[in-house]
1. What percentages, rounded to whole numbers, describe P(r) for the chain computed over all alpha carbon pairs with 10 Å bin width beginning at zero?
2. Between residue 7 and residue 33, with labels modelled 7 Å along Cα→Cβ, what's the label distance in nm to one decimal, could you check?
3. Per residue of the chain, what 222 nm ellipticity follows from adding -39500 (n - 2.57) for every DSSP H run with n ≥ 4, rounded to the nearest 500?
4. How would you rank 48, 29, 14, going from fewest to most other Cβ atoms within 10 Å of each one's own Cβ?
5. Over the chain, calculate the relative contact order: mean separation of alpha carbon pairs under 8 Å at least 6 apart, over the residue count, as a percent.
6. Determine the percent antiparallel among the DSSP beta bridges restricted to segment 4-117, to the nearest 5.
7. If neighbour count is taken as other Cβ atoms inside 10 Å, put 59, 38, 15 in order from fewest to most.
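Every number in this text was worked out from the coordinates using simple rules, so none of it is lab data. Because the structure is predicted, anything quoted here is derived from the model rather than measured. Every residue, glycine as well, gets a Cβ built from its backbone with ideal geometry; the counts of neighbours run over all protein chains shown.
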């Protein structure tokens, strides 16, 4: 049996992590990235990255296929980077090949000057 921290560490060992600054720079240069926020609805309602789409972690597996093609470049974000790492690992298992987790999550998005909507 694994603890939550062990599951997160395992996920992070298997997924690409990308910084908020890297995502912001890539978006500025016109790169096509689907940024998905997997936080809870109340977290999203308090503020979210302006270019992000909302798909809560609890429904990600059931909604992702109808909203995002498997060949899209997907970056997942949460508050700190743990839930998004778990979600990225799940998407890999579902056949998404170009998926990453936003290291530091929404907290680092805001700290690095990323656009925020409410």
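1. 15, 50, 32, 3, 0
2. So the label points at residue 7 and residue 33 sit 2.7 nm apart.
3. Theoretical 222 nm ellipticity from helices: -12500 deg cm²/dmol.
4. Going from sparsest to densest Cβ surroundings: 29, 14, 48.
5. 36 percent
6. 15 percent
7. So the ranking, lowest neighbour count to highest, is 59, 15, 38.
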